[in-house]
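I have placed the structure first, in the form of structure tokens, so that the comments after it can refer back to it.
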Amino acid sequence: MQPTGILENAKATNPLKDLLKFGQSVWLDYIRRDLITSGELKRLIEEDGLRGMTSNPAIFEKAIAGSTLYSDILKSLESKPGLDTKGRFEAIAIRDIQDAADILRPVYDSSHAHDGYVSLEVSPYLARDTQGTMAEARRLWKAVSRPNVMIKVPGTKEGIPAFQQLIGEGININVTLLFSRKVYEQVAEAYIAGVEKLQASGGGDITKIASVASFFISRIDNSVDAIIATRLKDVKNEGEAAELKGLLGKVAIANGKQAYQSYLRIFGSDRWKKLAAKGAQPQRVLWASTSTKNPAYSDVMYVDDLIGPDTVNTIPPATLDAFRDHGKAAETLTKDIPAADQTMKNLAKVGISIDEVTDKLTEDGVRLFEEAFDKLLQAIEKTSKSQTK
């Protein structure tokens, strides 16, 4: 029989909590009403060191369509005149975001506005509309009325100027759907320009403005691996086949490591240091889409291999449980950079363009969020109709 002291010591170490020692904050890529009301969110904060949350249309669609937790509020909203389906969704989302933000407020306060954030996304229908994105972001920011909320804006060519303007107005922004290192660099530069504008206008406290750049990971490997699998069907040369196979499951992390090198350069610049000296926070890189889709790969690889200072990993529940169970907290993000560079060179060498991959993923990401939003509104409509019968 194992002595209880050993069991207690084994439980005393939580890899999720240990991530903070290496400068990484864990946020939860999930929201649902019972997470807030049951005390589970509070427990995750206390026991796992959770420091924030993110949401998106797909998450809300699963929460609302997959449960009866929202029936009561939907019933109460039926009596409100002039409230369309999107308006009913916003009422639901804003309540959840406000309540989650209130539970995370102690984290926000104790971290001096570094963590403790909850994200709410602008309508995915606005991904190609700069003015529309700005108007909706301002409206949602005002409606939620919490200092520890981030409004999510897509990193499209129309979204980036909206993001820069909103930062300049003192609105916290989570820039989402980033796949490309080049686009990430544009976002980081836009953040600095926005903070400079905020400082010059005197319209807000630059020590309180916060932003993350949500850089998507696993979808890169899904896409590249699919291209490689198709190519391998026609390859006769063993050397060429070996080159292709050597890239399987390697590109997403290499791409992320290169993006982080851009982060270090941009936020190590003299231009940024002037703002940092006045208390401005850097825009952290947030690793998104970090669940492993391929069962042949480790279920914690997109956490294990991307741990480093001034980063966030927004982790879905199943991956959170897996990392708590068998993850390893160690600084890995700045290790093996030459190998990451070589992986990206090898990708180009075999004729796969990372720019084409990331451009397509951005387009697909916008479309998938639009489809999730369509399903979300349909679920609200269906639930509302069933209650009026």
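The values are calculated or read from the model by the stated rules, or taken from the named source; none is laboratory data. Owing to the predicted nature of the structure, the values given are computational and were not obtained by experimental measurement. Virtual Cβ from ideal backbone geometry, glycine too; neighbours counted across all protein chains shown.
Figure legend. Inter-residue proximity from segment 213-242: first residues assigned to a helix (DSSP H, G or I), second residues of a type in the set (Phe, Trp, Tyr), beta-carbon distance below 6 Å, spacing 6+ or different chains. Indicated pairs: SER218/TYR302. Over 27 Å from ASP205 (Cα atoms), buried (at least 21 other Cβ atoms within 10 Å of the Cβ), out of contact with any Phe, Trp or Tyr (no Cβ under 9 Å at 6 or more places or on another chain) and modelled with pLDDT of 95 or more: is that true of LEU35 in this structure? When the stated conditions are applied, LEU35 passes them.
Specify the residue that is modelled with the lowest pLDDT; the eligible residues are those in segment 1-32 that are within 19 Å of ILE45 (Cβ to Cβ) and surrounded by fewer than 10 Cβ atoms within 10 Å (Cβ to Cβ). Checked segment 1-32; the qualifying residue modelled with the lowest pLDDT is LYS11.
Among residues of segment 222-252 being surrounded by 15 or more Cβ atoms within 10 Å (Cβ to Cβ) and more than 20 Å from PRO295 (Cα to Cα), the one that is modelled with the lowest pLDDT is VAL235. Hey, any hits in segment 70-88 for a residue that's at pLDDT 90 or above, outside any helix (DSSP H, G or I) and farther than 21 Å from VAL149 by Cβ? Checked against the condition, which is being at pLDDT 90 or above, outside any helix (DSSP H, G or I) and farther than 21 Å from VAL149 by Cβ, segment 70-88 yields at least one hit. Look at (1) under 30 Å from ALA200 (Cα atoms); (2) touching a residue at least 12 places away in the same chain (Cβ under 8 Å); (3) over 22 Å from the mean Cα position of the chain (by Cα); (4) not in a helix (DSSP H, G or I) and you find that GLY268 fails only one, number (2). Check whether at least one residue in segment 65-76 is out of contact with any Ser or Thr (no Cβ under 9 Å at 6 or more places or on another chain) and buried (at least 20 other Cβ atoms within 10 Å of the Cβ), and report yes or no. Checking segment 65-76: not a single residue is out of contact with any Ser or Thr (no Cβ under 9 Å at 6 or more places or on another chain) and buried (at least 20 other Cβ atoms within 10 Å of the Cβ).
Scanning segment 311-336 for residues that are among the hydrophobic types (A, V, I, L, M, F, W, C) and either surrounded by fewer than 23 Cβ atoms within 10 Å (Cβ to Cβ) or assigned to a helix (DSSP H, G or I) (or both) yields a total of 6.
Please indicate, with yes or no, whether at least one residue in segment 107-125 is free of Cβ contacts under 8 Å to residues at least 40 places away in the same chain, out of contact with any helix residue (DSSP H, G or I) (no Cβ under 6 Å at 6 or more places or on another chain) and of a type in the set (A, V, I, L, M, F, W, C). Checked segment 107-125: no residue is free of Cβ contacts under 8 Å to residues at least 40 places away in the same chain, out of contact with any helix residue (DSSP H, G or I) (no Cβ under 6 Å at 6 or more places or on another chain) and of a type in the set (A, V, I, L, M, F, W, C). Those helices (runs of 4 or more DSSP H) of segment 14-62 in which 2 or more residues are farther than 12 Å from PRO317 by Cβ, touching a Gly at 6+ places or on another chain (Cβ under 6 Å) and of a type outside the set (A, V, I, L, M, F, W, C) occupy 15-18. Any idea which of (1) out of contact with any helix residue (DSSP H, G or I) (no Cβ under 7 Å at 6 or more places or on another chain); (2) farther than 20 Å from TYR117 by Cβ; (3) at pLDDT 95 or above is the one GLU46 doesn't satisfy? Checking GLU46 against (1) out of contact with any helix residue (DSSP H, G or I) (no Cβ under 7 Å at 6 or more places or on another chain); (2) farther than 20 Å from TYR117 by Cβ; (3) at pLDDT 95 or above, the one that fails is (2). Going residue by residue through segment 115-134, is there one that turns out to be under 27 Å from ILE253 (Cα atoms), among the aromatic types (Phe, Trp, Tyr), outside any helix (DSSP H, G or I) and modelled with pLDDT of 95 or more? Scanning segment 115-134 turns up at least one residue that is under 27 Å from ILE253 (Cα atoms), among the aromatic types (Phe, Trp, Tyr), outside any helix (DSSP H, G or I) and modelled with pLDDT of 95 or more. Contact annotation: residue pairs with Cβ atoms under 7 Å, 6 or more positions apart or on different chains, pairing a residue in segment 247-261 that is closer than 12 Å to THR332 by Cα with a partner that is polar (S, T, N, Q) and modelled with pLDDT of 95 or more, are ALA254/THR343.
Total residues in segment 147-165 satisfying the condition of being surrounded by fewer than 22 Cβ atoms within 10 Å (Cβ to Cβ) and either part of a loop (DSSP other than H, G, I, E, B) or in contact with a strand residue (DSSP E or B) (Cβ under 7 Å, 6 or more places away or on another chain) (or both): the figure is 3.
Of the residues making up segment 135-146, those that are assigned to a helix (DSSP H, G or I) and out of contact with any Asp or Glu (no Cβ under 8 Å at 6 or more places or on another chain) are ALA135, GLU136, ALA137, ARG139, TRP141, LYS142, VAL144. Of the residues TYR263, TYR297, the single one that is surrounded by fewer than 18 Cβ atoms within 10 Å (Cβ to Cβ), among the aromatic types (Phe, Trp, Tyr) and under 23 Å from LEU347 (Cα atoms) is TYR297. Per the listing ILE253, ILE220, ILE206, ILE192, the residue uniquely touching an Asp or Glu at 6+ places or on another chain (Cβ under 7 Å) and of a type in the set (Val, Ile, Thr) is ILE253. Is it true that some residue in segment 355-373 is modelled with pLDDT of 95 or more, in contact with an Asp or Glu (Cβ under 8 Å, 6 or more places away or on another chain), among the small types (Gly, Ala, Ser) and not in a strand (DSSP E or B)? No: zero hits. Of all positions in segment 84-96, none carries a residue that is closer than 24 Å to ASP364 by Cα and polar (S, T, N, Q).
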